[in-house]
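Trainee: Next up is a structure, given as structure tokens.
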Amino acid sequence: KKNKNAKIVCIYEVGLALEKQGISSSQIIAGNIGGPIHTHMSDVKVVFTPAAHSSEYGVATGAIIITPDKTVYHAGDTGITADMSIYAEIYKPDIFLVPIGGHYTMDPLQAAYAVRLVKPKIAIPMHYGSFPVLYGNPGEFEKLTREIAAGTEVRILRPGETIEV
């Protein structure tokens, strides 16, 4: 079921593009890389982080979602960056969604090193296998993460699968 009044937290240029597509500006909470964006839900904040990737709608980003109970770092489409360790130190993510596909993003080896920088409790591989050039293998990522970032649990999800944390 679609909520046509849902709020959309996004980069400023994406917000402009959404408005051009007919989305009401009252639904858009646009921001940029910097301090936390306070959402319409008083206890949820979003921090956009740099992503090393191209983008036709403003700067490429990841996002850290901060709630009272959990902090989730969605790296976005990106290569590994040293900035990840700074954001990890500040926000201490519990869950890290990390791309492993290779070619356009990190591969499993680089992603395992990113996990070591971020030090989450749980790492979830993403952005792999959706088309042939994204060769990253989640099993390989899990093995490498055990070796490189011991202590982080890897959860491999099937498309559409959800987890409760």
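Trainee: Just checking, does segment 8-15 include any residue being surrounded by fewer than 16 Cβ atoms within 10 Å (Cβ to Cβ), within 29 Å of Ala111 (Cα to Cα) and within 16 Å of the chain's Cα centre (by Cα)?
Mentor: First, pick out the residues of segment 8-15 that are surrounded by fewer than 16 Cβ atoms within 10 Å (Cβ to Cβ): 8, 12-13.
Remaining after also requiring within 29 Å of Ala111 (Cα to Cα): 8, 12-13.
Imposing the further condition that a residue be within 16 Å of the chain's Cα centre (by Cα) reduces the set to 8.
Yes.
Trainee: Kindly list, by first and then second residue, each pair from a residue in segment 1-14 that is in a loop (DSSP other than H, G, I, E, B) to a residue that is at pLDDT below 95 and hydrophobic (A, V, I, L, M, F, W, C), limited to pairs with Cβ atoms under 9 Å and residues at least 6 apart or on different chains.
Mentor: So the pair list comes out as Lys7/Met41.
Trainee: Another question, if that's okay. Please go through segment 1-16 and give me each residue that is closer than 9 Å to Ala30 by Cβ and hydrophobic (A, V, I, L, M, F, W, C), ordered by number.
Mentor: From segment 1-16, those closer than 9 Å to Ala30 by Cβ are 8-16; that's our starting set.
Within segment 1-16, Ile8, Val9, Cys10, Ile11, Val14, Leu16 qualify.
Rundown of residues vs (1) surrounded by 17 or more Cβ atoms within 10 Å (Cβ to Cβ); (2) more than 22 Å from Ser85 (Cα to Cα); (3) in contact with a Phe, Trp or Tyr (Cβ under 9 Å, 6 or more places away or on another chain); (4) of a type in the set (Ser, Thr, Tyr), yes/no style:
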site: Asn3; (1), (2), (3), (4): no, yes, no, no
site: Glu19; (1), (2), (3), (4): no, yes, no, no
site: Ile29; (1), (2), (3), (4): no, yes, no, no
site: Gly34; (1), (2), (3), (4): no, no, yes, no
site: Ile37; (1), (2), (3), (4): yes, no, yes, no
site: Thr49; (1), (2), (3), (4): yes, no, yes, yes
site: Thr61; (1), (2), (3), (4): yes, no, yes, yes
site: Ile66; (1), (2), (3), (4): yes, no, yes, no
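Trainee: When you scan segment 20-128 for strands (runs of 3 or more DSSP E) that lie fully inside it, which ones turn up with 3 or more residues that are of a type in the set (Val, Ile, Thr) and out of contact with any His (no Cβ under 6 Å at 6 or more places or on another chain)? Walk me through how you get there before you give the answer.
Mentor: Numbers: elements: 28-31, 45-50, 61-66, 71-74, 95-99, 122-126.
Result: 45-50, 61-66.
Trainee: Look through Asp83, Asp43 and report the one residue that is in the same structural domain as His127 (by TED's automatic domain parsing), more than 23 Å from Val165 (Cα to Cα), acidic (Asp, Glu) and in contact with a Pro (Cβ under 9 Å, 6 or more places away or on another chain).
Mentor: Going through Asp83, Asp43 in turn, just one is in the same structural domain as His127 (by TED's automatic domain parsing), more than 23 Å from Val165 (Cα to Cα), acidic (Asp, Glu) and in contact with a Pro (Cβ under 9 Å, 6 or more places away or on another chain): Asp83.
Residues checked against (1) surrounded by fewer than 14 Cβ atoms within 10 Å (Cβ to Cβ); (2) at pLDDT 95 or above; (3) over 21 Å from Lys45 (Cβ atoms):
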{"residue": "Lys119", "(1), (2), (3)": "no, yes, no"}
{"residue": "Ala123", "(1), (2), (3)": "no, yes, yes"}
{"residue": "Lys143", "(1), (2), (3)": "no, yes, yes"}
{"residue": "Gly160", "(1), (2), (3)": "yes, no, yes"}
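The values are calculated or read from the model by the stated rules, or taken from the named source; none is laboratory data. Note that this is a predicted model, so its numbers are computed, not measured. For neighbour counting, all protein chains shown are included, and Cβ atoms are generated from backbone atoms with ideal geometry for every residue, glycine included.
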